[in-house]
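Colleague: One structure, as structure tokens, below. Some questions next.
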Amino acid sequence: MAAVFTDRGQQLPLKEREGWRAVEEALAAGAARGVVMRTRSMVASSSEEWERLAVGLGELGWFLAAGLFDGPVAPPVPATSSGQSPLGAQTLNTPGP
């Protein structure tokens, strides 16, 4: 089962958002086992805040996941001319000779 909870308008602190309160109620009632969102910034303003929230939910037996990582990330590893990354993984966009 999936449900969609949204918050509209100006962002309030997470605990004050109507949508987040509905998420907490669904988790507490056993109607949900975790939370999936598009980006981390939907519920956290920093990586540390995301981690605290994820750990807190995990300690209660629930999970927190985001489809896109919208925080600072390392640049992609460039492919070599053979199409191999320096780490050995095959790349999708192989440069031509």
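What follows draws every value from the coordinates through simple rules; no lab data is involved. The structure displayed is predicted, hence computed values, not measured ones. Neighbour counts are summed over all protein chains in view; Cβ atoms, including those assigned to glycine, are modelled from backbone coordinates with ideal geometry.
Colleague: Multiply the residue separation of F69 and A31 by 0.36 nm, subtract the distance between their alpha-carbon atoms, and state the gained length in nm to one decimal.
Modeller: Once the chain is fully extended between F69 and A31, it gains 11.1 nm.
Colleague: Hey, rough spin-label estimate for L53 and T6, points 7 angstrom out along Cα→Cβ, what's it come to in nanometres?
Modeller: 1.8 nm
Colleague: Can you compute the FRET efficiency between L60 and E16 using 1/(1 + (r/R0)^6), with r the Cβ-Cβ distance and R0 = 25 Å? Round to the nearest 0.05.
Modeller: Efficiency, rounded to the nearest 0.05: 0.80.
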